[in-house]
Amino acid sequence: MRLQESGEMYLETILILSLKGGVVRSVDVGEYMGYSKPSVSRAIGLLKDGGYVFSDSDGHLLLTEKGREIAEKIYERHVMLTDCLVKMGVSEEVASRDACKIEHDISDETFEAIKRHVGIHK
């Protein structure tokens, strides 16, 4: 079963926040994404049930191996697609927003082709 786009966004957010400051709480995720506490609580519950996230004894959110793999994949796509769009002349803000839309729908085959193309033209 494929994780929905919203689930991927939550996993990516947990990864980004953990890279920035270590511990991640549900409230941090909500603030970063601009979502309400009930929405975040429901989503995190689903991610826990799916085996993507767990909480430690202090309530900090941690990615499982499966969750980290997805989060890193989406984050890599976001960074690379944003960079490509900026190099093509798109503003940073628009490039990031558009990359966020593309990163969830692009096939692995197409993304790998883009990576190869970018690598050739560096």
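The values are calculated or read from the model by the stated rules, or taken from the named source; none is laboratory data. The shown structure was predicted, so the numbers you read here are calculated from the model rather than taken from an experiment. Cβ atoms come from the backbone with ideal geometry, glycine included; neighbour counts cover every protein chain shown. All accessible areas refer to the heavy atoms of the entire protein, side chains included, with ligands and DNA or RNA removed. Shrake-Rupley method; radii C 1.70, N 1.55, O 1.52, S 1.80 Å.
Structural remarks
- Within the stretch 33-42, being under 16 Å from Met9 (Cβ atoms) and open to solvent by 30 Å² or more (accessible area, probe 1.4 Å) holds for Met33, Gly34, Tyr35, Ser36, Ser39, Ser41, Arg42.
- Set side by side, the residues Gly50, Gly22, Gly45 differ, and just one is surrounded by fewer than 19 Cβ atoms within 10 Å (Cβ to Cβ), in contact (Cβ under 8 Å) with a residue 24 or more places away in the chain and either over 15 Å from the mean Cα position of the chain (by Cα) or farther than 19 Å from Ile74 by Cβ (or both), which is Gly50.
- Entry remark, the stretch 57-90: residues being part of a helix (DSSP H, G or I) and out of contact with any Leu (no Cβ under 8 Å at 6 or more places or on another chain) number 16 in total.
- Taken over the stretch 79-107, the criterion of being open to solvent by 60 Å² or more (accessible area, probe 1.4 Å) and under 21 Å from Thr13 (Cα atoms) is satisfied by Val79, Asp83, Glu92, Glu93, Arg97, Lys101, Ile102, Asp105.
Listed here are the residues, each with its yes/no results for (1) open to solvent by less than 40 Å² (accessible area, probe 1.4 Å); (2) touching a helix residue (DSSP H, G or I) at 6+ places or on another chain (Cβ under 8 Å); (3) charged (D, E, K, R); (4) touching a residue at least 60 places away in the same chain (Cβ under 8 Å).
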| position | (1), (2), (3), (4) |
| --- | --- |
| Thr13 | yes, yes, no, no |
| Asp56 | no, no, yes, no |
| Thr64 | yes, no, no, no |
| Glu69 | no, no, yes, no |
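- Neighbours by Cβ (under 9 Å, 6+ apart or cross-chain): first from the stretch 91-110, in a helix (DSSP H, G or I); second among the basic types (Lys, Arg) and open to solvent by less than 60 Å² (accessible area, probe 1.4 Å): Ala99/Arg77; Ile102/Arg77
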